[in-house]
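Presented below is the structure to which this report refers.
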Amino acid sequence: MKKQVLDQKGNKVEEISLNDGVFCSNPNREVLTQYIRVFDFNQRSGTAKTKTRAEVAGGGAKPWRQKGTGRARAGSIRSPLWVHGGVAHGPLPKDWSLKMPKKMRRLAMISALSLKEAAGEIVVVDSLKLEKMSTSELSTVLNKLVDARPLLYVWSKADQSVIRSIANIKDVKPVFSGSLNAKDLISHKAILFEKDAILDVNERFKK
């Protein structure tokens with residue numbers, strides 16, 4: 001397939017060839033859905049933890065004698081029934097991570113790229129460069145190239161002025177082409193690739 005490349009002013013400067021098997025394949029929505037589920041599970045830290053009655057400080061002495069007081073028997077002030085007591089059946093650290101075969105991860109990426117290309121939501125720019133950090137200048141450039149938000153900006157060689165300026169723009173996320181994933185592609189309405197970045201992705205995922 002042919003894809004046009006724009007300059008920062010939104011004018012066409014050239015066309016590049018991309019692999020049909022990467023950007024024009026028949027998307028597998030089931031695998032893509034499974035990928036997103038695995039991705040989300042792998043973001044969970046699994047560090048939630050509450051203290052049991054054995055871990056709460058104090059409670060070593062029996063509050064009152066077993067019989068003769070007229071009150072219910074009690075063995076510790078750190079019982080889950082008491083205020084400031086331990087937690088019964090609370091969360092414990094857990095590994096939520098899931099695994100997915102490499103071929104399925106690749107298929108999910110190709111499916112996401114193909115869906116975005118079919119929807120006309122992929123734009124390629126030759127490069128984004130700023131002489132100095134300027135959020136307003138970069139916003140103007142991005143608005144000329146893409147009007148949809150949220151926007152995913154995929155770069156290959158970082159221009160620090162651009163990356164730092166993007167940090168101040170709402171609904172625009174920069175990502176290195178080597179770290180691109182299907183979840184980011186699907187969760188953004190538009191994808192702005194630098195030319196080198198889309199060629200890198202094309203090369204890595206073609207057969």
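No lab work stands behind these numbers, since they all come straight from the coordinates. The structure displayed is predicted, hence computed values, not measured ones. Backbone-built Cβ (ideal geometry, glycine too); neighbour counts: all protein chains shown.
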Ile191: passes all of (1) outside any helix (DSSP H, G or I); (2) over 30 Å from Arg29 (Cα atoms); (3) aliphatic (A, V, I, L, M) but (2)
Before we move on, is Val162 farther than 30 Å from Glu30 by Cβ, out of contact with any Pro (no Cβ under 9 Å at 6 or more places or on another chain) and outside any loop (DSSP other than H, G, I, E, B)? no
Scanning the stretch 66-112 for residues that are charged (D, E, K, R), in a loop (DSSP other than H, G, I, E, B) and within 22 Å of the chain's Cα centre (by Cα) gives Lys94, Asp95, Lys99
